[in-house]
Amino acid sequence: MTGQVRTVDGRVAGRRGQATRQKLLDCLSEMLSSSPYRDVKVIDVARKAGTSPATFYQYFPDVEGAVLEIAEQMATEGAGLAEVLEGRSWVGKAGWQTAQELVDGFLDFWRRNDAILRVVDLGAAEGDKRFYKLRMKILNSVNNSLADSVAELQSKGKVDKDVNPAAIAGSLVAMLAAVASHQKGFTSWGVKQAELKPNLALLVYLGVTGKKPTR
């Protein structure tokens, strides 16, 4: 945790207060993985953290405020997914490797943050602009990098001039997000994780380059 951490009334939290605040967030994260978001109560989070509701309210206005804090941290981490594409080639075997690593990173990130991402998706779907902005913070970083990659290939004559880079990138990112959030569902369709990744990477590679990969 970097920078000053403040209580709801504006006081700077000391080391012990910061540790308590983080423990509350960790306990809330754990509870979200097994309980519906709206069923989680302040008293339950405080009890799990070994403290009181009064202490919870020192750091957060309500459960939703704490959830948004967790989501902010998660979105900052998610924006780093774009690093997978920095300076990477989409040509030949190197391009196939890029597609695979992007898929790996995307699926892994969604798996690790499944509980809070479900809350973010719910809030965004219900029109809450705070959750919508967090969701877009995650997706935009990858979307913009993919669009740049398509545009670069297009400028070199390797992608059809009629292709819209932003439309291709947006479609691929929306697909990645949908598949990542439905990973458990693929099992019921008889699709193993080891089978999902290369097939998803194939779709990404085809979408970016318009060609079959060189493996």
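Read the figures in this text as sums done on the coordinates, not as results from a lab. What you see is a predicted model; the values in this text were computed from it and never measured. Because the Cβ atoms are built from the backbone with ideal geometry, glycine has one as well, and the counts that use them run over all protein chains shown.
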Q) Please report, for the Cα atoms of segment 130-215, the Rg to one decimal and the Dmax as a whole number; what are they, in angstrom? A) 14.5, 43
(Q) Run lengths n ≥ 4 of DSSP H only: what is the helix-derived mean residue ellipticity at 222 nm for the chain, with -39500 (n - 2.57) per run over all residues, to the nearest 500? (A) -22500 deg cm²/dmol
Q: Please work out the Cα center distance from segment 68-90 to segment 105-137, rounded to the nearest Å.
A: 13
Q: Within the set of other residues whose C-beta is less than 13 Å from the C-beta of T209, count the net charge using Lys and Arg as +1 and Asp and Glu as -1.
A: +4
Q | Extreme residue, positive dipole direction of the chain, given options A19, V8, A124 (C-beta unit charges) | A | A19
Q: Indicate the gyration tensor shape class of segment 173-215 (rounded, prolate or oblate), computed on the Cα atoms with a ≥ b ≥ c the square roots of the eigenvalues: a/c under 1.5 is rounded; otherwise a/b larger than b/c is prolate and the rest oblate.
A: oblate
Q: Scan the chain and note any complete DSSP helix (H) whose C-alpha atoms cover at least 18 Å along its axis and whose Kyte-Doolittle average is 0.0 or more.
A: 63-78, 165-181, 193-209
Q) So for segment 50-192, what are the equivalent ellipsoid semi-axes in whole Å, largest first, each being the square root of 5 times an eigenvalue of the Cα gyration tensor? A) 34, 17, 14
Q: Sort 15-24, 92-101 for me by packing, meaning the mean count of neighbouring Cβ atoms within 10 Å per residue, highest on top.
A: 92-101, 15-24
Q) Which links in K23/K137; K129/K156; K137/K158; K156/K192; K129/K184; K129/K158 stretch past 32 Å when you go from one Cα to the other? A) K129/K156; K156/K192; K129/K158
